[in-house]
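These notes are about the structure you will find just below.
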Amino acid sequence: MKEILQGKVKTVYDTEDAENVLIEFHDKVTAGNGRKVDFPEGKGEVCCQISSILFEKIAKVGVKTHYLGVDGNKMSCKRVDIVPIEVVCRNLAAGSIVRETPFEEGISFHPPLVEFYLKDDAKNDPLLTLDRVRLMKYNPYDYIGITQLINVTLKSIFDEMDIDLVDFKLEFGHTSSGDLVVADELSPDSMRLWKKGTKESFDKDLFRKEKGDIVRAYKYILQQLKEFS
Ligand code: UDP
């Protein structure tokens, strides 16, 4: 298979169908813009499986995604041109917003915040303003409504599992026919999940802060998603 793109923890391959790609999720985790790395066994598959369930869930409420199917740690997807903007939605304060603003960890945002970051590791993914997004020739309102719908959908799924959806990051892409779709992954690598009413993490913060076994936590989330489906 011809490699198209090698990401930090995933590789994208060409397929026989020029419209589609195959994304392989590796047993690898990184943090701090790639400075901290580990290779936990089973991590690729569990992220891929969680993503596939969540892509199916959001498709059911009418969100267009790149997702086509899954097999183990490989996901078949529509080929897209990725929008170089990461869209972050926050229900509770954690991570960069706590480090960079006066908001204390755990406070809730009503309505949830939707923020834009430049997808550029060399520049450390800086926060963008709406005007900067517009200057980049993207319309922020193309993304805000979809992000809010995804938030409501995912939040209600995790609520049932007694988990707070603290925040999550989305990536978007354009298909060859010009459709705007949600791309990349939807897994605890790109979202924060806390046991309800606590700050116990079931996400990548376990690795960032060296507080536990991410594969065990991610497998718990996968098992709960299957149970509540
Ligand atoms: N996130 C991500 N990729 C990034 C930056 C953030 O998936 O390059 C996710 C992160 O896991 C969290 C949310 O987006 O769920 C908000 O991240 P934040 O801005 O708080 O940054 P962090 O504290 O992770 O550096």
Look at residue 107 and say whether it is among the β-branched types (Val, Ile, Thr), more than 15 Å from the ligand (Cβ to nearest atom), touching a Leu at 6+ places or on another chain (Cβ under 8 Å) and within 30 Å of residue 198 (Cα to Cα).
no
Pairs, please: C-beta under 6 Å, at least 6 apart or cross-chain, first residue within 15 Å of residue 203 (Cα to Cα) and in region 144-169, second more than 16 Å from the ligand (Cβ to nearest atom) and part of a helix (DSSP H, G or I)?
161/224
Quick one: count up the residues across region 5-23 that are touching a strand residue (DSSP E or B) at 6+ places or on another chain (Cβ under 8 Å) and either among the aromatic types (Phe, Trp, Tyr) or not in a strand (DSSP E or B) (or both).
5
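Take the residues of region 148-200 that are polar (S, T, N, Q) and more than 10 Å from the ligand (Cβ to nearest atom): which is nearest to the chain's Cα centre (by Cα)?
Taking the candidates together, the pick is 151.
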Report, by residue number, each residue of region 49-67 that is open to solvent by 70 Å² or more (accessible area, probe 1.4 Å) and within 16 Å of residue 170 (Cα to Cα).
56, 64
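For region 203-229, give me each residue that is assigned to a helix (DSSP H, G or I) and acidic (Asp, Glu). Let's see the steps before the verdict.
First pass over region 203-229, keeping only residues assigned to a helix (DSSP H, G or I): 205-208, 214-227.
Scanning region 203-229 gives 205, 227.
Each row is one residue, and each column tells you yes or no for (1) under 21 Å from residue 143 (Cβ atoms); (2) within 16 Å of the ligand (Cβ to nearest atom); (3) in a loop (DSSP other than H, G, I, E, B).
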residue	(1), (2), (3)
30	no, yes, no
45	no, no, no
51	yes, yes, no
62	yes, no, yes
69	no, no, no
Would you check which residues across region 17-31 are under 25 Å from residue 124 (Cα atoms) and either open to solvent by less than 40 Å² (accessible area, probe 1.4 Å) or among the aromatic types (Phe, Trp, Tyr) (or both) and list them?
23, 24, 25, 29, 30, 31
Looking at (1) out of contact with any helix residue (DSSP H, G or I) (no Cβ under 7 Å at 6 or more places or on another chain); (2) of a type in the set (Val, Ile, Thr); (3) open to solvent by less than 60 Å² (accessible area, probe 1.4 Å), which one does residue 46 not meet, given that it meets all the others?
(1)
Consider residue 14 against the criteria (1) in contact (Cβ under 8 Å) with a residue 40 or more places away in the chain; (2) among the acidic types (Asp, Glu); (3) open to solvent by less than 50 Å² (accessible area, probe 1.4 Å): it satisfies all of them except one. Which criterion is unmet?
(1)
Hey, could you check region 79-104 for residues that are of a type in the set (A, V, I, L, M, F, W, C) and near the ligand (Cβ under 8 Å from one of its atoms) and say which is farthest from residue 147 (Cα to Cα)?
98
Among (1) more than 10 Å from the ligand (Cβ to nearest atom); (2) open to solvent by 30 Å² or more (accessible area, probe 1.4 Å), which single condition is residue 208 missing?
(1)
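The values are calculated or read from the model by the stated rules, or taken from the named source; none is laboratory data. From a predicted model like this one, the values you see are computed outputs, not experimental measurements. Glycine gets a Cβ as well: all are built from the backbone with ideal geometry, and neighbour counts include every protein chain shown. Just so you know, the surface numbers come from the protein's heavy atoms only, side chains and all, with ligands and any DNA or RNA stripped out. Shrake-Rupley method; radii C 1.70, N 1.55, O 1.52, S 1.80 Å.
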